[in-house]
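The values are calculated or read from the model by the stated rules, or taken from the named source; none is laboratory data. Just so it is clear, the structure is predicted and the values come from calculations on it, not from any experiment. Here Cβ is always computed from backbone atoms with ideal geometry, including for glycine, and neighbour counts include all displayed protein chains. Keep in mind that these areas ignore ligands, DNA and RNA; they rest on the heavy atoms of the full protein, side chains included. Shrake-Rupley method; radii C 1.70, N 1.55, O 1.52, S 1.80 Å.
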Amino acid sequence: MSTFTSVPATDWETWVDDKEATILDVREPAEWSMGTLPDAVLISQNEIVRRLDELPKERPVLCVCRSGGRSANVAAFLAFNGYEAANMAGGMKALGMQD
C-alpha cells in the first residue's frame, strides 16, 4: 500500500523548505485565482493523470487544495506512482486563504 505524509497547514513552509519540495495546487483555475502558495504549480485534480510527467520524481510533492480532500486523493495517487507525496491538512481554508 502506498502512503503519503500529512503536513499541518501551519508547517507547510518548513516542510517544503526542508525537503526542497514542489508545491502542487490541485484546485481549479477559478480557485487558483483567489490566491495560492508561493511558487505553486497548478495541475487540477482532473488533469493529474494526463500531466503527471510534468512533476519531477526526484523532488517531494506537497499537494494543496481548498480543504484537503482533493489534495489527499492526488497525494495517494502520486505515492502509488512512486513519488514522495504529502497532503497539506486542512488546505487553503486552514490558512484562511479560501472560504
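Brief remarks on what is shown
- Solvent exposure of region 50-99 amounts to 47 Å² per residue of accessible area, where only protein heavy atoms count and the probe is 1.4 Å.
- Check: the chain dipole with +1 on Lys, Arg Cβ and -1 on Asp, Glu Cβ, in debye: 340 debye
- The protection proxy used here, the mean number of other Cβ atoms lying within 10 Å of each residue, ranks peptides 35-41, 65-71, 9-15, 78-84 as follows, highest first: 65-71, 78-84, 9-15, 35-41.
- Rounded FRET efficiency, nearest 0.05, which uses the C-beta distance separating Lys93 from Arg50 and R0 of 30 Å: 0.65
- Helix-only arithmetic for the chain: the sum of -39500 (n - 2.57) across DSSP H runs with n ≥ 4, divided by the residue total, places the mean residue ellipticity at 222 nm at -7500 deg cm²/dmol.
- Length available on full extension from Phe80 to Asp11: 0.36 nm per residue minus the Cα-Cα distance, which gives 22.4 nm.
- Each of (i) 14.9; (ii) 14.6; (iii) 12.9 is a candidate for Kirkwood radius over Cα pairs in Å; the one calculated from this structure is (iii).
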